[in-house]
1. At a Cα cut-off below 17 Å, give the aspartates and glutamates reachable from K477, other chains included and same-chain residues fewer than 8 away excluded.
2. When the accessible area of the chain is split by element with a 1.4 Å probe, what percent falls to carbon and sulfur?
3. Can you give the accessible area per residue of the chain, in Å², using a 1.4 Å probe?
4. With both partners inside the chain, how many of the DSSP beta bridges are antiparallel, as a percent to the nearest 5?
5. Along the charge dipole of the chain, Cβ charges K/R +1 and D/E -1, which of L453, L114, P361 sits furthest on the positive end?
6. Within a Cβ distance under 15 Å of T371, other residues only, what is the Lys/Arg minus Asp/Glu net charge?
7. List, in order, the whole-Hz ³J(HN,Hα) value for each residue of the range 311-324 obtained from phi through the Karplus relation with A = 6.51, B = -1.76, C = 1.60 and θ = phi - 60°; use x for Gly and Pro.
8. Helix-derived [θ] at 222 nm for the chain: sum -39500 (n - 2.57) over DSSP H runs of at least 4, divide by residue count, nearest 500?
Amino acid sequence: MRVTVRIPTPLRSYASGEGRVAVEAETVGQALAGLVERHPGLKPHLYDGEGGLRNFVNAYLNEDDVRQLEGTETRVSEGDTVVLVPSIAGGADGATVEETREADAPDAGAPEPLPDLSREEIQRYSRHLIMPEVGMEGQKKLKGAKVLLVGAGGLGSPLGLYLAAAGVGTIGIVDHDVVDATNLQRQVLHGTKDVGRPKLESARERLADVNPHVELRTHETRLTSENALEILEPYDVVVDGTDNFPTRYLVNDACVLLGKPNVYGSIFRFEGQATVFGAETPEGERGPCYRCLFREPPPPGLVPSCAEGGVLGVLPGIIGSLQALETIKLILGRGEPLAGRLLIFDALEMSWRQVRLRRNPGCPVCGDEPTQTGLIDYEAFCGMPADEDAAAVAGAGDVPEISATELARRLEVGDEITIVDVREPHEWEIVNLAEHDALLVPLGELDERMSELDSSDEIVLHCRSGARSARALERLKEAGFRKLWNLEGGILAWADEVDPTKPKY
């Protein structure tokens, strides 16, 4: 049988950039084997040491999760598509927002009355009010709702703007970051004048201008196992706009424990995902949580962050708007939420694909007999810090480092040093150290190009900020190289400490 294997964006760099590969196969397992035979670089990303599919990469036959069928032994038919869904960047009792609000009211037998609309609000929301699916009652529901946004970045920007404009009465935002110039390409909540300000300050200012009738609650802190339940508890809906795995699993588990719907979105380069965890599916079943989709995270460094891989600036606007739409539907109790369905968007192909999600009865958090009944250490669970800068430091570990200043001094006096840049070619085009004869060897090609390096040379490896080059150093060390240094802070540090004419990204 001739079938097509669809390769998602995060894995295409290990498949010569291909997005679809046609193979001859009788089963899903044979199709994946044919894919790996053609692109061996995919093997460590798809299979564990024992030859089984990794837990953070799921395979679907058309729209069905093969874990719900016959696994990799599932037979295929002519023209079928095998879709790989990796994690890139809460199943509770399926309660609606209205049910959650009633359950939280002091007198559970009497629903909390909906707030009235002022004359100004009736005029502002007039285009909603003339829709029978919204009307006065629906708009009052929006005003009475409390929504928490986890993150005020790429996804949090369209979320905040559209939820505020729609009249969601209380919007909370958790964030502890400051606005950086590199954020402005996609984080439309913030402007050039906000660079250096806390994101919550610029977000509050912008959203108050969009709709002064909305109550804004800001939580300027990093979400942790110690504060997550307390912060999430007052809200009806939690919207996940995070960009790292520790916080994503934390948000999921906290939502499951609190019985809150979790509106999920993730983005990478030109591909996005969206779904709703913890809401009842259209079939009336209890919906899955994030752990039902990805029981465990990928090993540190295997999946690049947006800072490493990039993201098309308009993409978070699309996915964040979908999250805002799903949030509004939950509040209104209208339509069918994405619960039980994962929506996958490819901006380059302008294609949408939908796959089915099912709750895993053996899920450690939302399963029939959960084994995890509280929050855990998510940085330890994921093997990485939730903070990007801390992740770069943690990625270095005990790796020997050299500062940009010291490397410049040694090059100046004529020391023989080989500089190896492990970034991608498109990053090299932005800024590089070609004037010092740097050699470009992308991390994904390091194993096959290791013979180009002389183990007797003193080698300094660098990337953008130091994390990828630290991983490259460990690989070379395992291969027998000994005179190795990691450039502390990467080429960003070189621009700060040595050559300020170098652009930063």
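1. D398, E401, D421, E445, D447, E448, E452, D454, D457, E458
2. On the chain, the fraction of accessible area on carbon and sulfur atoms equals 48 percent.
3. Ligands and nucleic acids excluded, the figure is 43 Å² per residue.
4. 50
5. The one lying farthest along the dipole's positive direction is L114.
6. Working: positive: R291, R295; negative: D253, E296, D368, E369.
Every neighbour counted, the sum reads -2.
7. Residue by residue, the range 311-324 yields 8, 4, x, 7, 4, x, x, 6, 5, x, 5, 4, 5, 4 Hz.
8. Details: 21 runs with 168 residues, N = 505.
Value at 222 nm, helices only, nearest 500: -9000 deg cm²/dmol.
The values are calculated or read from the model by the stated rules, or taken from the named source; none is laboratory data. Remember, predicted model here, so these are calculated numbers, not experimental data. We place every Cβ from the backbone using ideal geometry, glycine too, and count neighbours over all the protein chains shown. To get the accessible areas, we keep the full protein, side chains included, count just its heavy atoms, and leave off ligands, DNA and RNA. Shrake-Rupley method; radii C 1.70, N 1.55, O 1.52, S 1.80 Å.
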